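Read the structure below first, then the notes.
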Amino acid sequence: MSQQELLLNSERSNGAFTEERRSRSRLGLVVTGVVGGSLVALYAVAAPFVAPALRKVCLPFVPATTAQVGNVLKVLRTRSGTLVDIGSGDGRIVIAAAKCGFQASGLELNPWLVWYSRYKAWREGVHCSTSFHISDLWKASFAQYSNVVIFGVPQMMDQLELKLASELPSSAKVVACRFPFPTWVPESTEGEGIDTVWVYDAKTFQSDLHSGKTRNMSLEDKPDPHTRSLSVS
């Protein structure tokens, strides 16, 4: 083989090696772009749902478990009328209650969760008996509800006691999930551990309020605004 042919073969080999390196480099860029884009997309989708966690009091979106939903429906099985879920999250309690015959509403600060809940209700065929509102619970009135479900945290339960006692009709029932109310005496409980629910009768806690058994608090004692975002059901 002549020197010229050897030189030509060498140049071809070098060219093929360079092209292979370029191909690998382009593949690496594509993979990096896909992974990076996926992470950005995942964050864009997830961030609005977990946004309530970015508060002074951490109240992230924690969906209710199947057992919790079942326990809520079980303790309300003899009830009817209107129902509100305070901090309705992705709407699963509201939708399940509507399927059991309630005219059910959800209050939620996170607009993404509200829109998602409305879509789920439409998809499940209960949009006519459900409603979801972007609402601050401390500014909402509960006078029109005969059943209240709340997935709260200890930091807000004492303040919520007084608000509900002053606004609910005497025939109302309140179901607390995960954490009980601090001074109210439940008439019954269902489940165990994190799936426990506590049932309270409005006549009882309103009577206690009027007799002075409930802790002395004023509605003028405004709750920490950072506890307003409820996204736990």
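Screening Ser135, Ser117, Ser88 for residues that are over 21 Å from Gln206 (Cα atoms) and open to solvent by 20 Å² or more (accessible area, probe 1.4 Å) leaves exactly one candidate, Ser135. Could you go through the stretch 123-133 and let me know if any residue there is of a type outside the set (Lys, Arg), under 14 Å from Val69 (Cβ atoms) and in contact (Cβ under 8 Å) with a residue 60 or more places away in the chain. Checked the stretch 123-133: no residue is of a type outside the set (Lys, Arg), under 14 Å from Val69 (Cβ atoms) and in contact (Cβ under 8 Å) with a residue 60 or more places away in the chain.
Filtered by the rule that a residue be in a loop (DSSP other than H, G, I, E, B), modelled with pLDDT of 95 or more and open to solvent by less than 20 Å² (accessible area, probe 1.4 Å), the stretch 48-85 gives a lone residue, Leu76.
Per the conditions (1) buried (at least 17 other Cβ atoms within 10 Å of the Cβ); (2) under 19 Å from Ala176 (Cα atoms); (3) more than 17 Å from the chain's Cα centre (by Cα), the sole criterion not satisfied by Gln155 is (1).
Listed here are the residues, each with its yes/no results for (1) modelled with pLDDT of 95 or more; (2) touching a Pro at 6+ places or on another chain (Cβ under 6 Å); (3) not acidic (Asp, Glu).
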{"site": "Val153", "(1), (2), (3)": "no, no, yes"}
{"site": "Arg178", "(1), (2), (3)": "no, no, yes"}
{"site": "Glu192", "(1), (2), (3)": "no, no, no"}
{"site": "Val197", "(1), (2), (3)": "yes, no, yes"}
{"site": "His210", "(1), (2), (3)": "no, no, yes"}
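Taken over the stretch 91-101, the criterion of being open to solvent by 10 Å² or more (accessible area, probe 1.4 Å) and part of a loop (DSSP other than H, G, I, E, B) is satisfied by Cys100, Gly101. In the set (1) of a type outside the set (Gly, Ala, Ser); (2) surrounded by 13 or more Cβ atoms within 10 Å (Cβ to Cβ); (3) in a loop (DSSP other than H, G, I, E, B); (4) at pLDDT below 95, the condition left unmet by Pro186 is number (4).
The values are calculated or read from the model by the stated rules, or taken from the named source; none is laboratory data. All values reported here derive from a predicted model rather than from experimental measurement. A quick note on method: Cβ atoms are made from the backbone with ideal geometry, for glycine too, and the neighbour counts reach across all protein chains shown. What goes into the accessible areas is simple: the full protein's heavy atoms, side chains included, and nothing from ligands, DNA or RNA. Shrake-Rupley method; radii C 1.70, N 1.55, O 1.52, S 1.80 Å.
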